[in-house]
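First up is the structure itself, then whatever we jot down about it.
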């Protein structure tokens, strides 16, 4: 079984956040006659990607700026569902297809900080275009290395230093680190795991 992380591994989450906040800022700016760049800077300061979700954030913005909540939610749905596949890394889709051809089982193992964000994660997954290529989705608010899964026999692919270190300590034998070049927050950290654990910047480099 391949256990593959979703955010920042298969899916360009940072780019999604930028597009959602930028779209909200444009709607607010147009409705209220405010410079959208000024609004955008305010949104960046107030949005916490770890604990907040876009849906509740839109609700709060509609009250704060006196804009139609339905309009904000409609734009959000279009970004997440109708255009969500553009945030999925192309090499990730091709990798999933290769795994499928080899007959490998694939589980998306994805962590969210709070239960209130599980719905948003489901929407992101639904719009990402990856669901036809996978067997299971394990959406959890518990750390990945604390779950009742087969750590010793699974192959785990992740970008998060916390998860990689935790999975290694949990007994994972087959661990792969993905370091997407545009994700400096995670790729710059040195990990407390053996150097021989493979690291790749692209799924194209991974042999199955």
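Any residue that is part of a helix (DSSP H, G or I) and buried (at least 20 other Cβ atoms within 10 Å of the Cβ) - is there at least one of those in the range 27-35? Checked the range 27-35: at least one residue is part of a helix (DSSP H, G or I) and buried (at least 20 other Cβ atoms within 10 Å of the Cβ).
In summary, residue 62 fulfils each of the numbered conditions (1) free of Cβ contacts under 8 Å to residues at least 12 places away in the same chain; (2) over 26 Å from residue 168 (Cα atoms); (3) in the same structural domain as residue 173 (by TED's automatic domain parsing) with the single exception of condition (3).
I'd like to check something: does the range 86-108 contain any residue that is modelled with pLDDT of 95 or more and over 30 Å from residue 174 (Cβ atoms)? Checked against the condition, which is being modelled with pLDDT of 95 or more and over 30 Å from residue 174 (Cβ atoms), the range 86-108 yields at least one hit.
For (1) surrounded by 18 or more Cβ atoms within 10 Å (Cβ to Cβ); (2) modelled with pLDDT under 95; (3) under 19 Å from the mean Cα position of the chain (by Cα); (4) within 19 Å of residue 89 (Cβ to Cβ), each residue gets a yes or a no:
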position: 128; (1), (2), (3), (4): yes, no, yes, yes
position: 142; (1), (2), (3), (4): no, yes, yes, no
position: 152; (1), (2), (3), (4): no, yes, no, no
position: 173; (1), (2), (3), (4): no, yes, no, no
position: 181; (1), (2), (3), (4): no, yes, yes, yes
position: 192; (1), (2), (3), (4): no, yes, no, no
position: 198; (1), (2), (3), (4): no, yes, no, yes
position: 201; (1), (2), (3), (4): no, yes, yes, yes
position: 208; (1), (2), (3), (4): no, yes, no, yes
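Residues checked against (1) more than 22 Å from the chain's Cα centre (by Cα); (2) over 30 Å from residue 205 (Cα atoms):
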site: 12; (1), (2): no, no
site: 41; (1), (2): yes, yes
site: 47; (1), (2): no, yes
site: 56; (1), (2): no, yes
site: 78; (1), (2): no, yes
site: 92; (1), (2): no, no
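No other residue among 21, 72 is in contact (Cβ under 8 Å) with a residue 12 or more places away in the chain, surrounded by 19 or more Cβ atoms within 10 Å (Cβ to Cβ) and under 30 Å from residue 91 (Cα atoms) apart from 21.
The values are calculated or read from the model by the stated rules, or taken from the named source; none is laboratory data. On a predicted model such as this, the values are computed, not experimentally measured, just so you know. Positions of Cβ are backbone-derived with ideal geometry, glycine not excepted, and every protein chain shown enters the neighbour counts.
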